[in-house]
Amino acid sequence: MTDKVVAELITAEEKRQRNGLELIPSENYVSKQVLNALGSVFTNKYSEGYPGKRYYGGQINTDKVEQLAIERAKALFKADHANVQPHSGAPANEAVYHAWMEPGDTIMGMELSHGGHLTHGRPGTISAKLFNFVRYGIKDLETGEIDYNLMREIALKTKPKIILAGFSSYPRELDYAKFADIGREVGAVLMADMAHIAGLIAGGVLANPFDYGFNVITTTTHKTLRGPRGAMILTKGTVSNPLKTVDKTIENLPTLIDRTVFPGLQGGPHMHTIAAKAVAFWEAAQPSYHNYCLQVLANAQTLSQALMNKGFKLITNGTDNHMMVADIQTSFGFDGSVAEQVLDRVGLTLNKNVIPDDPLPPYKPSGVRLGTPAITTRGLKEEHMFLVADWMHQALIKKNDPKALDKLAKDILHFANSFPLPSDN
Ligand code: DSN
């Protein structure tokens, strides 16, 4: 007996992924061996607890696979402690907030429309209800430079318990040394949410916040890191004896985090996902992965320049990482949700996105966000970026011409099909 309905949907989704160009900067394609681990019998197993200290029997293999994921994660990011159990980025961030803060405490994060993530205090989220979020933001929209002077002033006034460096739609490198100076001055824990760029850090092409004195890194595992959907929390610094009572001291932070993830926020870890994380961390330690990261950056540089040459106004006029945010309203006179739909119709997938201090609402924002991790995994190189920019431009200026859009869709389908999916191998 086969569930044909779901089988057909899986086949259809595989076809959609193959036939188009995936430009959403937080998405990627995993390898066959990551997919195999995700679909493995580890999904059958309950493993509440941590390696060597579980609440159910039969943990001989789960302990080994989780410990392997932990050791590989530590090595990749030069961390002293890793918790690989968070189911996704939101609970990973929640775990750190709850491990270190009490309700009513203050945390400083990036202004949401300047690039901060929902879990960095969007009104209506659990963390925004429990904690007091104060903000830093971009000083110069042309360069993307953060206003570090204002950040320091606000931090001195509000004494945040955590200063959070990280973003969901910010195309520039943060100055971690400046964050660290301010954090030390006000006695805050330094936390980096590196979900978008973790792979580029692991691949050695972007700076590692731990090298600047950061205490904690959270990250999802499925973006540039090219693993399964999930997350982890890494810490740097002395690790206390986890069996002792834990006060809120920096040495106890790893234990506080572990206890907040389980049993604080989650029950049984997803061992099939942890096995797939272990595989992805192994892949990210290979020399070929470093080359992949270099290509992601090279493609992003070329694509951003090619888009600007076509008249796209890019926020901060370019990128230092894998992503770009384009102001569609200014460039073309219609909003980002229209652009998302038109581009989807021709096989170019990206997402509508707010721009800094966007006058338009989030469901019809001024911009779109796009990036190069997934198309680089497919094998696209710099020369292909000119084609992508041209197709985007053509589709948007001909958005009311169905024949022109059909022709573009055909060209893109033909082109995309000449690049295999990594899971084909
Ligand atoms: N939804 C993710 C992104 O696209 O950036 C962040 O959680």
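The values are calculated or read from the model by the stated rules, or taken from the named source; none is laboratory data. Just so we're clear, the structure is a prediction, and the values are computed from it rather than from any experiment. Neighbour counts are summed over all protein chains in view; Cβ atoms, including those assigned to glycine, are modelled from backbone coordinates with ideal geometry. Surface areas here come from the heavy atoms of the whole protein model, side chains and all, with no ligands, DNA or RNA. Shrake-Rupley method; radii C 1.70, N 1.55, O 1.52, S 1.80 Å.
Within the straight-line cut-off of under 15 Å between alpha carbons, the aspartates and glutamates reachable from residue 403 are 411, sequence neighbours fewer than 8 places apart in one chain being disregarded. Taking Cβ atoms as reference points and 15 Å as the exclusive limit, the residues near residue 355 contribute a net charge of -3, counting Lys and Arg as +1 and Asp and Glu as -1.
Taking a ≥ b ≥ c as the square roots of the Cα gyration tensor eigenvalues, with a/c under 1.5 meaning rounded and otherwise prolate when a/b beats b/c, else oblate, which class fits segment 1-126? Kindly include the intermediate steps, with their values, before the conclusion.
On the way: a/c = 1.92, a/b = 1.14, b/c = 1.68.
It comes out oblate by the Cα gyration axes.
If eta is 0.890 mPa s and T is 25 °C, what Stokes-Einstein diffusion coefficient results for segment 6-74, Kirkwood Rh from Cα pairs, in µm²/s?
163 µm²/s
Using a probe of 1.4 Å on the protein chains alone, the accessible area found for residue 186 is around 20 Å². Of the beta bridges in the chain, as assigned by DSSP with both residues counted there, near 55 percent are antiparallel.
Which of the DSSP-defined H helices in the chain satisfy a minimum axial length of 18 Å, computed from C-alpha atoms, and a minimum mean Kyte-Doolittle hydropathy of 0.0?
271-284, 382-397, 402-416
Within a straight-line Cα-Cα reach of under 15 Å, residue 53 can be paired with the following aspartates and glutamates, leaving aside sequence neighbours fewer than 8 residues apart in one chain: 63, 66, 258. When you restrict to C-alpha pairs under 8 Å that are six or more residues apart and normalise by the size of segment 71-170, the relative contact order lands at 30 percent.
Our helix-only sum for the chain, with -39,500 (n - 2.57) per DSSP H run of n ≥ 4 divided by its residues, gives a mean residue ellipticity at 222 nm of -13000 deg cm²/dmol.
The tail of the calculated P(r) for the chain, taken as Cα-Cα distances beyond 28 Å, holds 50 percent of the pairs. Restricting the calculation to alpha carbons of segment 304-386 gives Rg and Dmax of 12.5, 37 angstrom. A simple count of charges around residue 239, restricted to other residues whose Cβ falls under 11 Å of its Cβ and scoring Lys, Arg +1 and Asp, Glu -1, yields -1.
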